């Protein structure tokens, strides 16, 4: 197992991503961060907190509830029903691999007339098989298909490992 991002590096990437989000959306009143179940939700909360620290934009973090192992068969829902009409939604996940999970995570927002839907990921492995390109990326990392990235944001010492 190889450490690819330590706690300090992850925090720096989250701050940089928040500044990029602010630069592209500085006229918005509110941004909805929709974090995918697990590390995506934690990252969404961290991005929302970081954006709050540097701007006057209101943020709301919600969970996109889905089963990553059977994303095409299991139901997809949001942790709370909110209207995203006319608002910017940023769908957040820890790692972008094939893009399948992110494609399915977009479904709850397609009917609600969001002003704009963007994607933020901490690590982009660049093995996409689905038409998903992140708007905000912490780290682009070339990996083989047999390698895996594990991100842990659940404790005080954030890490991302390649194994």
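For this structure, a couple of remarks:
- Once both labels are positioned 7 Å from their Cα atoms along Cα-to-Cβ, the gap between residue 150 and residue 27 label points is 4.6 nm.
- For the chain, calculated [θ]222 nm from helices alone, where every DSSP H run of n ≥ 4 adds -39500 (n - 2.57): -9000 deg cm²/dmol
- Considering only the Cα atoms of the stretch 8-57, their convex hull presents on average a projected area of 3.3 nm².
- The calculated FRET efficiency for the pair residue 85 and residue 19, based on their C-beta separation and a Förster distance of 41 Å, comes to about 0.95.
- Overall size of the stretch 77-163 from C-alpha positions, given as principal axis extents largest first: 40, 33, 20 Å.
- Rounded FRET efficiency, nearest 0.05, which uses the C-beta distance separating residue 140 from residue 58 and R0 of 22 Å: 0.15
- Relative to one another, the C-alpha centroids of the stretch 60-133 and the stretch 1-53 are positioned 15 Å apart.
- Antiparallel %, DSSP beta bridges [both residues in the stretch 2-162], to 5: 30
- Whole-percent P(r), the stretch 1-84, all Cα pairs, 5 Å bins from 0: 3, 14, 20, 20, 17, 14, 9, 3, 0.
- Cα extents of the chain along the three principal axes, largest first (Å): 43, 38, 26
- Choice from 92, 123, 132 with maximal GNM fluctuation in the chain (Cα, 10 Å cutoff): 132
No lab work stands behind these numbers, since they all come straight from the coordinates. Remember, predicted model here, so these are calculated numbers, not experimental data. FYI the Cβ positions are ideal-geometry reconstructions off the backbone, even for glycines, and counts take in every protein chain you see.
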